Structures are given as C-alpha cells and as structure tokens.
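Student: Below you'll find the structure I mean.
The values are calculated or read from the model by the stated rules, or taken from the named source; none is laboratory data. The structure presented is a predicted model; accordingly, all values stated were derived computationally and were not measured. Counting neighbours? That spans all protein chains shown, and the Cβs are built from the backbone with ideal geometry, glycine included. Calculation scope for accessible area: heavy atoms of the full protein, side chains included, ligands and nucleic acids excluded. Shrake-Rupley method; radii C 1.70, N 1.55, O 1.52, S 1.80 Å.
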Amino acid sequence: MTNTTAPAVGIGPFSRSDLIVLIGALVLTVGAGVTAFVPSGQVVPFVLSAGAVALLASVVGRSVDQLGDRFGPGATGVLQSALGNLPELFIALFALRAGLVTVVQAALIGSILANLLLVLGLSFVVGGLKHGVQRLDSHRARETAVLMVLSVAAMLVPSLTALMHTPAEGHETTLSVITSVVLLVLFFVGLPGSLRRHRSSDAGARPGSSDEAVVREEAESEAEGPHWPLWLALGMLVASAAGAAFVSDWFVRALEPAMATFHISEAFAGLVIVAIAGNAVENVVGIQLAAQNRAEYAFSVIINSPLQIALVLAPLLVILSTTLGLTPLTLVFPPMLVVSVALAVLLAVFITFDGESTWMEGATLLGLYALIAASFWWG
Amino acid sequence: MTNTTAPAVGIGPFSRSDLIVLIGALVLTVGAGVTAFVPSGQVVPFVLSAGAVALLASVVGRSVDQLGDRFGPGATGVLQSALGNLPELFIALFALRAGLVTVVQAALIGSILANLLLVLGLSFVVGGLKHGVQRLDSHRARETAVLMVLSVAAMLVPSLTALMHTPAEGHETTLSVITSVVLLVLFFVGLPGSLRRHRSSDAGARPGSSDEAVVREEAESEAEGPHWPLWLALGMLVASAAGAAFVSDWFVRALEPAMATFHISEAFAGLVIVAIAGNAVENVVGIQLAAQNRAEYAFSVIINSPLQIALVLAPLLVILSTTLGLTPLTLVFPPMLVVSVALAVLLAVFITFDGESTWMEGATLLGLYALIAASFWWG
Amino acid sequence: MTNTTAPAVGIGPFSRSDLIVLIGALVLTVGAGVTAFVPSGQVVPFVLSAGAVALLASVVGRSVDQLGDRFGPGATGVLQSALGNLPELFIALFALRAGLVTVVQAALIGSILANLLLVLGLSFVVGGLKHGVQRLDSHRARETAVLMVLSVAAMLVPSLTALMHTPAEGHETTLSVITSVVLLVLFFVGLPGSLRRHRSSDAGARPGSSDEAVVREEAESEAEGPHWPLWLALGMLVASAAGAAFVSDWFVRALEPAMATFHISEAFAGLVIVAIAGNAVENVVGIQLAAQNRAEYAFSVIINSPLQIALVLAPLLVILSTTLGLTPLTLVFPPMLVVSVALAVLLAVFITFDGESTWMEGATLLGLYALIAASFWWG
C-alpha cells in the first residue's frame, strides 16, 4: 500500500506495490512448484508454498478490485465477496480432500482469532506506541462489530447444540447444513444493502466486501493508482486464481510431513500456521494503517474479516464438502475452539464499544493470543 | 393500538381495538370451550385455544390498565406487575399439573428468546426497511438492558451450579427456592422506585410494568382513549382472568395430543409454540411501534419482557409449584436453554449499546432464532 | 478517609484515620497473637486475626504511599504494585503451606467477586439512595474495565483448556506457569506507561496502582494530609509487613478449626471469608466514596482491584508456590469459579458502558453475590 502515502512509482499499469507482490508471487510459486516435485526435505517446500499462497492471495485481491472498477461499485462488492476468499477456500478444499478436517476447522477459527487478537493487538501496539491513545469511535465500527458477533453466534449454534443438547445427537450434519444455508441467505440478503450503502459517503458495515478492498478503495480516493485494462485484470485474476489452486495443493501436501517433522498437532497447524499464511497480506495492511494513525480504518478492516468467514467461507465449505464428496465438514467445532472464538469476539466488541485503543490493550490481546495458541500446542 | 394513530372510533367506553380484541376473545373462547368437550380432532381445539389465550391475555392487560387509572399511576404499576402475566402463569400452572416440566421451562426461556430474537428481529427488519437506520440511544433502554442482564444472570445461578459445581448436587431445589425468593425481593424492593419514576417525565426502567402498558400509556398521552367505568374495568378483569384460567386448561389439554400428532418434542412445543402464543399480542405491539418509526419505544417494550419473566414469572412459578403440590419446577434449566438465553441476552445488550438498529441486524437475529428453534426440534 | 471531607485532625505526622487504623491494628494484632498461643476456643482467635489482617493491610498501604511520595510518583506506582497486595500474598502463602489450595483459589476469585458484585453493589445502593442516579461516564473507567476483562480472560485460559481441551490433559501446571509469566510480563510492560500517565492530569488505567492509593492521592490533592518522615514510613512498612506475615499465619491456623466448627466448606471459606477479610479496608473506601457522590472514583477503585489480582497476585502465587516448594497452585480453577468470575467481569463491563448507576442495579448485584456465595455453601 505504498501508493497511499507517496505518489505511485510503477511500470505501466502496475503500481510499485503491485510489482513487488507480483514478482514475489511469481518467484515463490515457481519455487514451490519445483520443490513440490523435486525431493527437497520437509521445510523448504512448506515455506515456499506458504509464502506463495500469501502473495497469490494478494494478487487475486488486486485483480478483483481492478475488475470491479470496470463494472461499478455494485459489482465490486459482489465480486470481492465471491472471489476474495478464493485462496483460503482452495487450501481448505485440498485439506478436506486429504481428510484434514481438524486442520480446516482450526484454520477457520484461527483466522478469526488471528484477526481479532494477533492483528488487532499488533495494530494497537504499533499505533499506540507511535501515536498514543487512538480513537475508534465510529458507528460503522460498532455496526460491523454487532453484525460480526451475531453472525459468529449463528455459526456456533451447531457446536453449542452438539455440546449441550444430547437429544440432537446424530443430527450434527443436518444442523450444520441448515446453519450454512441460513448464513449464506443472510449474506445474499445483505448484499443489496451493502451495495446501496457503497455509494453513499457514510458507508455502513458491508458483510461481503474484502478487507483489502476497503483499504484500497479508501487509499485510491486519496492517491488514485494506475488502472489495469480489462484484459489484464481478467487475465491476472484467472492466472492468480489458477496459481492459488495449484499452490494450495502443494501447501497442503507439504503441511503433513512438516507437521510430522516438527511434532506439530493438526489443531495447532490449522489454528496458527494455516490461519496466518492465508491472511498474511491482509494482516500487514491492518498494521500499516494503524502505524499511519488511521486506527478507524485498521479496525474496520480487521473486524470485517471474521464477519466474512462466518457468513461466507465457513458455510460455503460445509456445503461444498458435502456436495463435492470430500471429507464432510461440519460446523461442530471442538469445544476449546468454540470457547476461544467466543472469547475473542466478545473482547473485540468490548474494545469497539470502548471507543479508544491503547498499546497496553494491544499487548494484552497479544498475550491472550499467545496463551490460546500455546494451549493448542497439545493438539 | 389503532387509537394511537387515528381518533378512536368505538362504541361507548370501548375503542375500536378494544372491540376487535373483545369480540375475537369471546368467539375463540366459546369455540375453544366447545371443542374441548366435543370430539373434534387434534388440531382445531389446539388452534382455537391458542388464539383464545392470546386474545384473553390482551383483555386482561387492558382491564388492568383501566383499573389502574382509577387508583393513580402507582397502583397501575403494582397491578400490572401482579396481574399482567396472569395468562402465562395459568398456562404454566396447568402444564405443571400435567407434569409437563420441560414444556414450562422451555416456555419461560422461549418467551425471552421470542422477545429478544424473534420480535426484536422482526421490529428491526420492519422498521429498517420502512425507515432506514433507526436510533436506540436512550439511557432508559441501556438501564433496562443492564437490569435485564443482571436479573437473568441471577435466575441462571441454579442452572450454572447444577452444571458446574458437583458438590451442590442434590440441592437444586433448595437453591432454586432461595434464588426465587431473592428475585421476588428484588422485584418488590424495586417497585417503589419504579412507582416514583412513573410520575417523572424521564421514566427509567420499571422492573414490574407490563409491556403493553408502557405502550398504551404513551399512546394515551397522545390520543386519549375512552375510559371504562370502575365496575366495567373490574368486571372485565374478573371475567377475562377467569376465561384465561379455563382456556389455559383447555390449551394445555390440547397441547399433548397435538404434540403427539405432529411429532413435536416437549422442548420445541414450550420454546416455540407456548412461548409465542403467550406473548402474541405484546409481540404485535412491538412490531407495530417499529413500523411507526418509534424504535425506542418498541425496544423498551421488547426488552422489558425478559426482565419481568426473570424477576416475577419464573420465581413465582417455582414457589407456587412447590407450595401448591404440583410437579415442582426448579430453575435448573437444561444446558442448551441456559446457553441460548445467555447468548440472546448478551446480544440484546450489545445491540442496545450499539445505539442504532439496521434491518440486516434484524435479519441476523431472525436467523439466530430460527437456528436455535431448529436445534430444539430434536427435543 | 476522614481527611477528604474535613481538615485533618491528628497527632504529629498521623491523620485521625491513620491513628484509628494504627491503634486498631496494634490492639487486634496483640490480641490475635495471645489467642494464637493461649487456648481460647475456635471463634475468638479467628475473629481477632481476621480483624488484624484487615487493619494491617491498611497500614501497609498507608506506609507504601508515604514512602512513595519521597521518590516521586513513578516509584509510588512500582512500590504500590509490589507491596500493596502483601497481606493477601502472605495469607495465600501460609494457606498453600497448609495445603489449602481450594481456599486460595476460591479466595483469588472471591476477591474479584467481592469487588465487582458485593462492594460495587453496596456502593451503588448507598450512592443511589443518597444521591439518585450517579454517572460513571469516563474514559478512564472504560479503559480500566476493558483491560480488566482482557487480563481476567488471559488468567482463565488454563482453566478453559483443562475444561474444554482434553489433549492438553496433564499439562495444566506448564500452561499455568506460562500464563503466569505472560501476565507478569504484561504487568511489567505496562508499568512505564502507567508511570508516565501518572504525571498527566487525565490519568488512564494504571494496571499496578493500589486501590486505596488512587483514592488517597486524589484525597490529598484536595486536602493535603500530614507527611510521615522517611524513617517513620520505612519503619511502619517493615513493622506492618512483618506484623501481617505473623498475623496471616495465625489467621490461616485459626481458619481450619473454625471451618470445622461451623461446617464451612473450603470453597466457601476462601470465596467469602478470606476474600472479604483481605479486602475489608479497600471495600469500605469504595463505599465511602460512593456515599460522598464521587461515583467515578469509587468505581475506578473497585474495578482496579480485579486487574491487580489477575496481573500480579495470581501469577505471583503460582510462581512462588512452585519455586518455594509449597503445595503447587495452578490457574486451573474449579468450573463454577470460572463461570462466576466470567459472569461478574462481564456484568461489570456492561455497567461501565451503561454510564449510569442506580440503586436497583446495586441491589441486583448484591442479590447475585448472595446467590453465588450460597451455591458455594455446598463446597
């Protein structure tokens, strides 16, 4: 996001940050591809494919934004919602094909925890140390937070039922599918509203818009970056999506031997490693914004991600896993994942309603993230 | 509540809405009475008695208000608190006589869920679609919400003890009775304060005032409806209360065969059917207010109901069930009911503190209600 | 705190309240010492040592404040944090030496509950009855509340893991020690910030400052009390700390026969008796402030205490108990203690965000405290 602070210096239609991400993605993807087929130990292919996933996720996001600009803000919202989580979706699907249900469940929750504890904590620490107490007092943030807590609560109903309501035993899959349908309906029902508001100046919570997009849109309104021609945007999207599909496959293949070598449990791998790799670029963006003293935006970006996971990614995976004949994914998460995510969501809402952030709050969030991650070390 | 928007058109002391409710109540009560003794299948007596219960509840409420007006606002508060929940109390007592403890427990929690998720959700959707973002930012709403969460928390102590504290095993009844006494003491201790505030313009939370009364009082200050003479108010109260007692009996008798016919579990019947029948009129009022863009009032009415259930109805039933020799009711609710009500109360507080309501929030509340209800399908 | 309202009337360097506390502490300590060695039943030594602990805790606090004033506000913060909880630390260490782990765990949680439910409730009732609705709407209160909920959440991670995450079974001690280290690091990391803010007028949450100190500091800025010379402050600190050490020993020794005589469970003894004795003076201060219509200050004092327990006292006890070879204390609390403290912390945050306090809210908090205490009667 270097173009937000300085005039864009790039080549042709690409800004400087575009170029860095593109070249990095290309190099790492090739490297991951070579090591996926040439014997090269357990560590190198794992690290290369993790890096490639992270950068390709960013390229997909940039292509979607450029493409959306051609069709007006309405289409951007729909496209971003549909395609923004594509890389995370690919990883989860390949992991489900490999039978790694625990990894996928932990990665879904881990993605929420990483956003609400790790990234929010880092952005509070960085922002607080550089700029002192930062204000977060917008209606937009509160609305997003309330919608997030409602959506995550709905996503947790099957888990709560499985834990607490013995008569429903044996119906976990049915209830998970019903819940997924309800969540997807809420998402599609919310889209028109999110599109309408997209145009107005005081944009409210948009349940479907990708995190990076919110930032980039704002960034562009300040220092308009170069536009990609339609053919380039489309081509980049297809290429990066295809690349993400291959790289996700390699990443999942490299994950299992790496887990064995380093004695990492499935739960810890999903909760920490997969969750961070799949959100790396978004995470950097949130922290950069806090460092630029744009705490409100950082917060919106960070808190919007769990909303997307609950309303789109998790239900989509449940439905795809059953229809595609993969290992079926349910929304019945292990109890400690349920408690952790409930805690994280609750604390995030309190912080939103607090209206201010300090670096000490950030440090405590980081401590909490470290402790929850530590508790999953014993998988 | 037609007299809130148009000049009252009625006959003698009765407003138009009075007449509709009275005639409906009379017709349905007679119908329910006939089908209760003449063989008429499982469905007809159940539907008729459910409708009669709902309308008689409204007649009781109207009589109490008219009666209260004779004795000043202080007496109204006390009367409303004592008599407002009479029909729900009758249903619960007859159900306890029939040994349907699960139904009664589920109906108590279901009544809270119906208010905080279903009715609040509907009022947000209706209000939001008609009027856009609605504001809820009053001290009164916050105070009621905090008092509600505190009261429900106290009501849940026996359940939490039974679930979490094995040394207290076997003392569930003792702890339920102690809790009921504490809740009733809190209610009576809070009455004088609620009466005092009743007179001031900026009325705070009134733990004992009936939902409809809050609305009607406000409505009357705008378009004063006709007053009933004392003898009429007293007569109507006695008649409607007696009617409610009979109809509640028939409703509970019709419930069991209806449950068997449609394969409905006791928990689902209580949580959804009894809870909605017992609150039908109040619910309509809340939604009407939201449609009239009086979101603050709708919210106060809706959020006040769980407060009454926790402070009056639930503890009264515990004490009556043990003293009257019915199947004893404890406050040890099944775990999924505890989790559901905790979730609903928590979310309602977040929404209050948010200060705004959108129709998307309403839709998510409805989704959550549907999912929790679905999870109890397997009773 | 009589010097807050009237000019100090004392002898030499001692204010009137100093004298009352000193003489009381001296008398009770001597009494407790005599009855500890002379046979005198079960009740008298217990009551005398409990009273002596409470008053010596106050003398330690006063000495630390006087000492801190010599070295500037920075040192005061560090000293208060390090020494303010000394008496509670002594009691816990002696109890752990006697193998009373349940008592210590219950006392830690009980201290939080006593502050957030009992003392907060009493201060709302007293303040509300004397002054009507009191406002609590400061950023400082919100910030402290958020930091408190975050810290308590971190402290609860080992308990949640033990309850919810079977694969981590057998690693409770490891996770407790890791958690304790993280909490202490957060405390020390937060100290410089708390010192810096100490100087500014709009002082934020200070994770390490003792409760009484906050009050006394404020009090002194209004009516400057007499200062103790350095030698006196040091001498009083050493004497009162040594006294607290002895008296704590006698208190714990008297506790066991008293529990047996009155059939009090370990959990109830810790949760109610030890928790109240260890916080008695702080508690009185909070209620006095509310009675003086200084609700904001009362609230800050009361809500700061759980923060200290989570960040300093609990982790220090875990680490000392393992390094000193006492019965090891873990942060794996019994489930009902976890639920109770989670509930209390949650409700305290809601009340903070409410921005107003009424005596009815206070009464409900008292009811909740009584019910939770009652549920632990069956230990």
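Student: Collect the residues in the range A:152-188 that are of a type in the set (Gly, Ala, Ser) and either farther than 25 Å from B:Ile264 by Cβ or part of a helix (DSSP H, G or I) (or both), keeping them in residue-number order. Reasoning before the result, please.
Tutor: Going residue by residue through the range A:152-188, those that are of a type in the set (Gly, Ala, Ser) are A:153-154, A:159, A:162, A:168, A:170, A:176, A:180.
Matches in the range A:152-188: A:Ala153, A:Ala154, A:Ser159, A:Ala162, A:Ala168, A:Ser176, A:Ser180.
Student: Here's something else I'd like to know. Sort out which residues of the range B:234-249 are open to solvent by 40 Å² or more (accessible area, probe 1.4 Å) and either more than 13 Å from B:Leu22 (Cα to Cα) or not in a helix (DSSP H, G or I) (or both), and write them in order of number.
Tutor: B:Leu234, B:Val238, B:Ala242, B:Phe246
Student: Which residues, taken from the range C:329-352, are within 7 Å of chain B (Cβ to nearest Cβ), open to solvent by less than 10 Å² (accessible area, probe 1.4 Å) and either over 15 Å from C:Gly121 (Cβ atoms) or not in a helix (DSSP H, G or I) (or both)?
Tutor: Step one: filter the range C:329-352 for residues within 7 Å of chain B (Cβ to nearest Cβ), giving C:335-336, C:339, C:343, C:347, C:350-351.
Within this subset, residues satisfying the condition of being open to solvent by less than 10 Å² (accessible area, probe 1.4 Å) are C:336, C:347, C:350-351.
Once the filter is applied, which keeps residues that are within 7 Å of chain B (Cβ to nearest Cβ), open to solvent by less than 10 Å² (accessible area, probe 1.4 Å) and either over 15 Å from C:Gly121 (Cβ atoms) or not in a helix (DSSP H, G or I) (or both), the range C:329-352 yields only C:Met336.
Student: Could you list, ordered by first residue, the pairs with Cβ atoms under 6 Å in which the first is in the range A:362-379 and at the interface with another protein chain (Cβ under 7 Å from one of its Cβ atoms) and within 11 Å of C:Ala154 (Cβ to Cβ) and the second is among the polar types (S, T, N, Q) and open to solvent by less than 10 Å² (accessible area, probe 1.4 Å), at least 6 apart or interchain?
Tutor: What qualifies is A:Leu371/C:Thr179; A:Ile372/A:Ser340.
Yes or no, residue by residue, for (1) touching a Phe, Trp or Tyr at 6+ places or on another chain (Cβ under 9 Å); (2) closer than 30 Å to A:Thr166 by Cβ:
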| site | (1), (2) |
| --- | --- |
| B:Ile264 | yes, yes |
| B:Ala267 | yes, yes |
| B:Ala275 | no, yes |
| B:Ala290 | yes, no |
| B:Thr327 | no, yes |
| B:Thr330 | no, yes |
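Student: Considering only residues that are touching a Pro at 6+ places or on another chain (Cβ under 9 Å) and open to solvent by 10 Å² or more (accessible area, probe 1.4 Å), which ones fall in the range A:315-328?
Tutor: Correct list: A:Thr322 only.
Student: Quick one: in the range C:84-128, which of the residues that are modelled with pLDDT under 90 and in a loop (DSSP other than H, G, I, E, B) is farthest from C:Asp65 (Cα to Cα)?
Tutor: Across the range C:84-128, the extreme among qualifying residues is C:Asn85.
Student: Just need a number here: residues in the range C:296-314 that are crowded, with 24+ Cβ neighbours inside 10 Å and within 26 Å of C:Asp18 (Cα to Cα).
Tutor: Let us first name the residues in the range C:296-314 that are crowded, with 24+ Cβ neighbours inside 10 Å, namely C:298-311, C:314.
Going one step further and asking which of them are within 26 Å of C:Asp18 (Cα to Cα), we end up with C:298-306, C:308-309.
Count: 11.
Student: Give the number of residues within the range A:85-126 that are among the aromatic types (Phe, Trp, Tyr) and over 16 Å from the mean Cα position of the chain (by Cα). Steps first, please.
Tutor: Kept after step one, since they are among the aromatic types (Phe, Trp, Tyr), are these residues of the range A:85-126: A:90, A:94, A:124.
Next, only the ones that are over 16 Å from the mean Cα position of the chain (by Cα) stay: A:94, A:124.
So the answer is 2.
Student: Here is a list of conditions, (1) surrounded by fewer than 24 Cβ atoms within 10 Å (Cβ to Cβ); (2) assigned to a helix (DSSP H, G or I); (3) within 10 Å of chain C (Cβ to nearest Cβ), and A:Val284 meets all of them except one; can you say which number that is?
Tutor: Among (1) surrounded by fewer than 24 Cβ atoms within 10 Å (Cβ to Cβ); (2) assigned to a helix (DSSP H, G or I); (3) within 10 Å of chain C (Cβ to nearest Cβ), A:Val284 violates only (3).
Student: Determine, yes or no, whether B:Val338 is modelled with pLDDT of 95 or more and β-branched (Val, Ile, Thr).
Tutor: yes
Student: With the requirement that a residue be β-branched (Val, Ile, Thr) and not in a helix (DSSP H, G or I), what does the range C:250-278 give you?
Tutor: Here is the first cut: in the range C:250-278, the residues β-branched (Val, Ile, Thr) are C:252, C:261, C:264, C:272-274, C:276.
Selection gives C:Ile264 alone.
Student: Search the range B:50-83 for residues being at pLDDT 70 or above and of a type in the set (Ser, Thr, Tyr), and hand back the single one that is nearest to B:Ala233 (Cα to Cα).
Tutor: Going through the qualifying residues, I end up with B:Ser63.
Student: To continue, here is another question. Which residues, taken from the range A:159-172, are buried (at least 18 other Cβ atoms within 10 Å of the Cβ) and more than 7 Å from chain B (Cβ to nearest Cβ)?
Tutor: Listed by number, the residues that qualify are A:Ser159, A:Ala162, A:Leu163.
Student: For the range C:132-144, what are the residues that are part of a helix (DSSP H, G or I) and open to solvent by 10 Å² or more (accessible area, probe 1.4 Å)?
Tutor: C:His139, C:Arg140, C:Arg142, C:Glu143
Student: Quick one: C:Ser357 ticks every box in (1) within 28 Å of B:Leu163 (Cβ to Cβ); (2) within 14 Å of chain B (Cβ to nearest Cβ) bar one, so which box is it?
Tutor: (1)
Student: Looking at B:Leu156, B:Leu129, B:Leu147, B:Leu175, can you tell me which residue is within 9 Å of chain C (Cβ to nearest Cβ), more than 22 Å from the chain's Cα centre (by Cα) and either open to solvent by 50 Å² or more (accessible area, probe 1.4 Å) or not charged (D, E, K, R) (or both)?
Tutor: Just one listed residue meets the conditions, B:Leu175.
Yes or no, residue by residue, for (1) within 14 Å of the chain's Cα centre (by Cα); (2) within 30 Å of B:Thr35 (Cβ to Cβ):
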| residue | (1), (2) |
| --- | --- |
| B:Ile264 | no, yes |
| B:Ala267 | no, yes |
| B:Ile276 | yes, yes |
| B:Asn283 | yes, yes |
| B:Arg294 | no, no |
| B:Val301 | yes, no |
| B:Leu307 | yes, no |
| B:Leu320 | no, yes |
| B:Met336 | no, no |
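Student: Could I ask something else about it? Open to solvent by 20 Å² or more (accessible area, probe 1.4 Å), hydrophobic (A, V, I, L, M, F, W, C) and under 18 Å from B:Pro45 (Cα atoms): is that true of B:Ala277 in this structure? Walk me through it before giving the result.
Tutor: Details: open to solvent by 20 Å² or more (accessible area, probe 1.4 Å): no; hydrophobic (A, V, I, L, M, F, W, C): yes; under 18 Å from B:Pro45 (Cα atoms): yes.
Criteria not met by B:Ala277.
Student: Just need a number here: residues in the range B:16-52 that are touching a residue at least 60 places away in the same chain (Cβ under 8 Å) and either in contact with a Cys (Cβ under 8 Å, 6 or more places away or on another chain) or surrounded by fewer than 20 Cβ atoms within 10 Å (Cβ to Cβ) (or both).
Tutor: Number of matching residues: 4.
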